[in-house]
Amino acid sequence: MPGSNSRRFLSRLTGVACLFLVAEALLPIWNFNLDQVRESSIRIAVAWSFAYFVVVVLIPIVLLTGRDFRLQPTRLFNNILLSGAYCVLAFGLLYRKLGFASSIEGMEVRSVADAYYFSAVTFSTLGFGDFRPMPGARGYAAIQGIWGNVHLGVLAGAIFYAISANERARLEKADKHGHDQRDGRDD
């Protein structure tokens, strides 16, 4: 398939970006100063989370799946999980830059762990209520919550697709095996 290698490349690129974001959050040895990073650079990382999902997950599902092309369920599942992980990481970086507040104390928080926790809770739309976005980040939090719902819906569809593809392959194998046995008996 012509676009398959392109999607594979984009997945690898996004995987490397995920590793970079995880390393940036976990390794203080880099002495990464978030105040020096321009907000527009972080917005590009957030925009990439949308672009990746659309190009690598949605377009193959909507436009390419047909009689001549079948998605590989494992690859689709992996791409959705990678997209979700990158989305949580990119938005976590954005929340670290824009800030969010503790709902209990009312004070602004910029903790690395809390930013990614807030991002994951927002993405999953759990909304525990222990943190809230600062006014400049509220729109992003709303968009991330909606995007998380889209991911969840597509993930559920991918699981259903994988189950039905597995069942279809099992039936085709059983049907072929049945024809082989019948063909052998007729001789």
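Step by step: first the residues of segment 92-111, then only those that are exposed (fewer than 13 other Cβ atoms within 10 Å of the Cβ) and charged (D, E, K, R), then the one that is nearest to Val46 (Cα to Cα). Which residue is that?
This residue is Glu108.
Could you list, in sequence order, all residues of segment 51-103 that are without any contact (Cβ under 8 Å) to a residue 60 or more places away in the chain and within 21 Å of Glu39 (Cα to Cα)?
Ala51, Tyr52, Val88, Phe91, Leu94, Tyr95, Leu98, Gly99, Phe100, Ala101
Residues being loosely packed, with under 13 Cβ neighbours inside 10 Å and among the β-branched types (Val, Ile, Thr): count how many of those fall in segment 126-162.
Matching residues across segment 126-162 total 1.
Could you check how many residues of segment 110-156 are among the charged types (D, E, K, R) and either under 17 Å from Ser83 (Cα atoms) or modelled with pLDDT under 85 (or both)? Don't jump to the end; show me each part of the working.
Just the residues of segment 110-156 that are among the charged types (D, E, K, R), to begin with: 110, 114, 130, 132, 138.
From what is left, the residues that are either under 17 Å from Ser83 (Cα atoms) or modelled with pLDDT under 85 (or both) are 110, 130.
Number satisfying all stated conditions: 2.
If I ask for residues that are polar (S, T, N, Q), modelled with pLDDT of 80 or more and farther than 27 Å from Gln72 by Cβ, which ones from segment 27-60 would you list? Talk me through it step by step, then tell me what you get.
First pass over segment 27-60, keeping only residues polar (S, T, N, Q): 31, 33, 36, 40-41, 49.
Next, only the ones that are modelled with pLDDT of 80 or more stay: 40-41, 49.
Listed by number, the residues that qualify are Ser40, Ser41.
In segment 118-139, what count of residues is obtained for those that are farther than 11 Å from Arg96 by Cβ and either hydrophobic (A, V, I, L, M, F, W, C) or under 16 Å from the mean Cα position of the chain (by Cα) (or both)?
Count: 10.
Looking at (1) surrounded by 14 or more Cβ atoms within 10 Å (Cβ to Cβ); (2) among the charged types (D, E, K, R); (3) in contact (Cβ under 8 Å) with a residue 24 or more places away in the chain, find the lone condition where Asp114 falls short.
The single condition Asp114 does not satisfy is (3).
The values are calculated or read from the model by the stated rules, or taken from the named source; none is laboratory data. It should be emphasised that the depicted structure is a prediction, and the values quoted were computed from it without experimental measurement. Glycine also receives a Cβ, built like all others from the backbone with ideal geometry; neighbour counts cover every protein chain displayed.
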